[in-house]
Amino acid sequence: MTEVLIRVGQAADDPALSELYRHTWSPDTEISPCPPPGDPFFHEASRPEDYLVAELEGRVVGYLRLVQPIPVLSCAHVRQIQGLAVEQSARYHGIGTALINAAIAETRRQGASRLTLRVLSTNETAQRLYNGTGFTLEGTLHGEFLLDGKHVDDHFMARQV
């Protein structure tokens with residue numbers, strides 16, 4: 001497989017990321033309903049520069065959203081992954097790991113020292129990815145979401161960078 005390029009998101013990525021999100025959406029991995037075709041990916045609270053985008057042979061195949069979770073000075077040392085997706089056909093080729101490694105590097109570049117995330121208990125594939133990249137489970141919000149008629153736990157994971 002060709003080497004993956006990880007770069008910062010751009011406004012021009014909107015159509016590709018919107019389509020990728022819709023195609024990777026699953027009730028096992030998402031708490032929001034699947035957006036309709038043509039819905040914009042970026043908006044005021046979710047800007048292109050918040051995203052790391054994975055490209056393979058010039059095609060967008062993945063993304064990761066990286067933000068300061070609470071915009072106050074006392075939380076300036078923390079960054080949070082708030083979404084990660086890899087196109088089905090590109091999975092299990094190291095793209096998720098490359099995105100996380102890029103997020104770790106970007107977290108350091110921004111002067112932060114802690115990287116956190118939340119992951120649904122039903123998303124075992126993502127949990128394995130996060131465990132394999134140094135994240136540890138710090139807590140569980142039991143029954144946090146009611147998805148498809150079932151209560152689903154939300155795991156909080158973190159690592160130092």
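Throughout, read-outs are computed from the coordinates displayed, never taken from laboratory work. If you're wondering where the values come from, they're calculated on a predicted model, not measured in any experiment. Every residue, glycine as well, gets a Cβ built from its backbone with ideal geometry; the counts of neighbours run over all protein chains shown.
Before moving on, here are some points about what is shown:
- Sites H142 and Q82 - FRET efficiency at Förster radius 22 Å, r taken between beta-carbons, to 0.05: 0.55
- Proximal charge balance of Y51 [Cβ under 14 Å; K/R count +1, D/E count -1]: -2
- Rg and Dmax [Cα atoms of the chain; Å; Rg one decimal, Dmax integer]: 15.3, 42
- The chymotrypsin sites (Phe, Trp or Tyr not before Pro) of the stretch 80-150 meeting both criteria, a DSSP state outside H, G, I, E and B (loop) and at most 14 other C-beta atoms within 10 angstrom of the site's C-beta, are Y92.
- Sites listed here are GluC sites (Glu not before Pro) in the stretch 1-96 whose DSSP assignment is loop and whose Cβ has at most 12 other Cβ atoms within 10 Å: E3, E44, E57.
- Taking every alpha-carbon pair under 8 Å whose residues sit at least 6 apart, the chain reaches a relative contact order of 20 percent.
- Two-decimal Rg to Rh for the stretch 69-161 - Kirkwood Rh, Cα set: 0.99
- Only one residue of A158, P69, A16 has its Cα farthest out toward the positive end of the dipole of the stretch 5-160, where Lys and Arg carry +1 and Asp and Glu -1 on Cβ, and that residue is A158.
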